[in-house]
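Engineer: Have a look at the structure that comes next, please.
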Amino acid sequence: MKVGIVGASGYSGEELVGLLLRHPSIEIGFVTSRQYAGRSLASVFPRFAVFPGADQIMFSHPDPERMATEAEIALLALPHGVAAEYAVPLLEKGVRVIDLSADFRLDDPGVYQEFYDKEHPAPQLLTEAVYGLPEIYREKIKGARLVASPGCYPTSVIVPCAPLLRRGLIQPTSIIADSLSGPSGAGRKVELPYLFVECNESVRPYGIPKHRHLSEMEQELSKAAGQSLMIQFSPHLVPANRGILTTLYLAPKGKLENAADVAAFDADVAEAFDAAYSNETFVRVLGNQGFPDTKNVVGTNVVELSWRVDPRTGRLIVMSAEDNLVKGASGQAIQSLNIMAGLPEITGLL
């Protein structure tokens with residue numbers, strides 16, 4: 001199968017290239033970049049020069065007419081607002097699309113305008129787009145024309161929270177999420193806050209109290225809970241190239257008045273995660289013993305999660321770790337690509 005990458009020179013685009021070069025069932029049909037048009041993949045990213053044909057794959061300007069003849073599925077690694085400009089003509093020409101931007105993640109164009117400060121460029125496609133979290137929407141992804149791959153922060157929040165909300169184990173209005181992420185999550189761009197000297201030896205919050213990713217977190221968690229909800233989310237920038245660690249503070253539905261209550265609730269949490277993820281290759285449940293660690297997931301398509309019940313405060317603390325560029329972006333997109341192509345989900349990801 002031929003697959004193309006629109007916007008292949010950013011961090012997520014580069015990660016897509018690396019995964020697809022190793023993929024045994026995929027051929028790269030095209031890679032686009034206005035900045036590097038006319039240059040070979042091997043010259044722009046020398047680390048890929050060892051792959052056969054990398055010096056023959058040339059970056060080109062994004063042209064939907066040409067791209068539609070060179071790939072069956074297009075991966076869009078573009079900023080929000082720009083991705084839709086290419087998704088619309090590619091879909092019209094019969095190319096299936098996996099979008100890594102936020103353009104098709106939200107069901108409501110009004111919510112998109114609220115969080116992204118612009119009118120949605122293609123609202124007619126929102127009812128068709130499938131949210132690309134395979135562990136939840138696998139069956140819908142199979143036949144989808146348009147998949148909206150989730151954001152990195154939302155993946156780290158939705159994966160641990162959704163099973164608990166579906167089981168009614170936590171109060172939907174109680175969710176507080178603190179996340180730590182490396183600066184690669186902001187994309188490959190030259191801006192003062194993301195320069196090495198500004199980020200190194202520094203930890204700082206940003207996007208508080210209304211980070212854009214809140215919109216898709218609340219949308220998907222509302223679906224899991226069966227009711228509308230809002231959450232408190234605080235992201236922080238840390239001096240690590242990649243990786244996200246999220247800590248969630250959750251209130252159980254019932255009171256934990258004694259040791260027996262704590263033990264029973266802990267068992268319910270374990271059962272919820274086991275039912276949801278025991279057969280999922282890319283979710284590693286550590287239980288109530290270990291702790292997630294970004295060093296164990298960087299470079300992989302895996303989310304680690306664990307939890308602790310705090311009998312002193314009566315809260316459930318759930319923690320998750322992922323690579324923001326793999327499970328939080330490009331790896332998850334390849335996981336959806338495999339499903340769309342009828343391939344085993346693990347193909348090219350293990």
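Any read-out appearing in this document is the output of simple, stated calculations on the displayed coordinates, not a laboratory observation. What you see is a predicted model; the values in this text were computed from it and never measured. Cβ sites come from the backbone with ideal geometry, for glycine too, and all protein chains shown count toward neighbours.
Engineer: Any idea how far apart K2 and E128 come out in nm if each label point goes 7 Å out from Cα toward Cβ?
Structural biologist: Result: 2.2 nm between the two label points.
Engineer: Could you name the lysines in cross-link range of K210, using Cα to Cα under 21 Å and dropping any fewer than eight places away on the same chain?
Structural biologist: Correct list for K210: K118, K223.
Engineer: Right, next: Alpha carbons only, please: Rg and Dmax for segment 30-133, in angstrom.
Structural biologist: When restricted to Cα atoms, segment 30-133 yields Rg and Dmax of 15.6, 47 Å.
Engineer: Further question: Report the local net charge at P183: Lys and Arg +1, Asp and Glu -1, summed over other residues whose C-beta lies under 12 Å from its C-beta. Show your work: numbers first, answer last.
Structural biologist: On the way: positive: R188, K189, R204, R242; negative: E191, E198.
Net charge in that neighbourhood comes out at +2.
Engineer: Output ³J(HN,Hα) for segment 265-275: one whole-Hz value per residue in order, computed from phi by the Karplus curve 6.51 cos²θ - 1.76 cosθ + 1.60 with θ = phi - 60°, and x for Gly and Pro.
Structural biologist: 5, 4, 5, 5, 4, 4, 5, 4, 5, 5, 5
Engineer: Note down the magnitude of the dipole of segment 153-323 about its Cα centre, charges +1 on Lys and Arg C-beta and -1 on Asp and Glu C-beta and zero elsewhere, to the nearest 20 debye.
Structural biologist: 320
Engineer: At 7 Å along the Cα-to-beta-carbon direction for both R66 and F196, put a label point, then send me their distance in nm to one decimal.
Structural biologist: 3.5
Engineer: Now, a different point. Can you compute the FRET efficiency between M58 and K189 using 1/(1 + (r/R0)^6), with r the Cβ-Cβ distance and R0 = 25 Å? Round to the nearest 0.05.
Structural biologist: Numbers: r = 24 Å, r/R0 = 0.95.
That gives a FRET efficiency of 0.60.
Engineer: Just to be sure I understand: of the beta bridges DSSP finds with both ends in segment 153-323, what percent are antiparallel, rounded to 5? Please list the in-between numbers first.
Structural biologist: Details: 23 of 33 bridges.
Approximately 70 percent, going by the DSSP bridge assignments.
Engineer: Using only the alpha-carbon atoms, how far is helix 11-22 inclined from the longest principal axis of the chain? Give it as 0 to 90 degrees, nearest 10.
Structural biologist: Long axis of 11-22 versus the principal axis of the chain: about 70 degrees.
Engineer: Cα atoms only: what Rg and Dmax, in Å, come out for segment 153-323?
Structural biologist: Answer for segment 153-323, Rg first and Dmax second: 16.4, 54 Å.
Engineer: Another one. With axes computed from alpha carbons, what is the tilt in degrees of helix 214-225 against the longest principal axis of the chain, rounded to the nearest 10 within 0 to 90?
Structural biologist: Once rounded, the angle reads 60 degrees.
Engineer: Okay, next question. Calculated FRET efficiency, A270 and K210, Cβ-Cβ r, R0 51 Å, to nearest 0.05? Could you put the intermediate results ahead of the total?
Structural biologist: Details: r = 34 Å, r/R0 = 0.66.
According to the calculation, E is roughly 0.90.
Engineer: Same structure, new question: Considering all alpha-carbon pairs of the chain, what whole percent are spaced by more than 34 angstrom?
Structural biologist: Working: 14790 of 61075 pairs.
Considering the chain, 24 percent of its Cα-Cα pairs are separated by more than 34 Å.
Engineer: ³J(HN,Hα) across segment 296-310 via Karplus (A = 6.51, B = -1.76, C = 1.60, θ = phi - 60°), whole Hz, x for Gly/Pro?
Structural biologist: Values per residue, Gly and Pro as x: 8, 10, 4, x, 10, 9, 9, 9, 9, 8, 8, 8, 9, 9, 9 Hz.
Engineer: Right, here's the next one. How far, in nm, would the chain grow between R34 and K93 when pulled straight, counting 0.36 nm per residue and subtracting the alpha carbon separation?
Structural biologist: Going from the current span to full extension adds 19.0 nm.
Engineer: If you don't mind, another one. Looking at segment 276-350, what % of its DSSP beta bridges pair antiparallel, to the nearest 5? Write down the numbers at each step before the final one.
Structural biologist: Values: 7 of 11 bridges.
Roughly 65 percent of the DSSP beta bridges within segment 276-350 come out antiparallel.
Engineer: Counting only DSSP beta bridges with both residues in the chain, tell me the antiparallel percent, nearest 5.
Structural biologist: Details: 24 of 54 bridges.
Around 45 percent of the beta bridges assigned by DSSP in the chain are antiparallel ones.
Engineer: Given springs between every Cα pair under 10 Å in a Gaussian network model of the chain, which of V197, V302, V157 has the largest fluctuation?
Structural biologist: V197
Engineer: If you don't mind, another one. As a check on your grasp of the helix formula, calculate [θ] at 222 nm for the chain: sum -39500 (n - 2.57) over DSSP H runs of n ≥ 4, divide by the residue count, round to the nearest 500. List each step's numbers first, then the result.
Structural biologist: Details: 11 runs with 107 residues, N = 350.
Counting only the DSSP helices, I get -9000 deg cm²/dmol.
Engineer: What number comes out for the charge environment of L169, summing +1 per Lys or Arg and -1 per Asp or Glu over other residues with Cβ under 10 Å away?
Structural biologist: Working: positive: R166, R167, K253; negative: D268, E271.
Cβ neighbours under 10 Å give a net charge of +1.
Engineer: Further, regarding this structure: What FRET efficiency would be calculated for the residue pair Q289, E119, taking the C-beta separation as r and a Förster radius of 56 Å, to the nearest 0.05? Display every interim value, and only then the final one.
Structural biologist: Details: r = 49 Å, r/R0 = 0.87.
With R0 = 56 Å, the Cβ-Cβ based efficiency is 0.70.
Engineer: May I ask for the net charge around S278, where only other residues with Cβ less than 13 Å from the Cβ of S278 are counted and Lys, Arg are +1 while Asp, Glu are -1?
Structural biologist: -3
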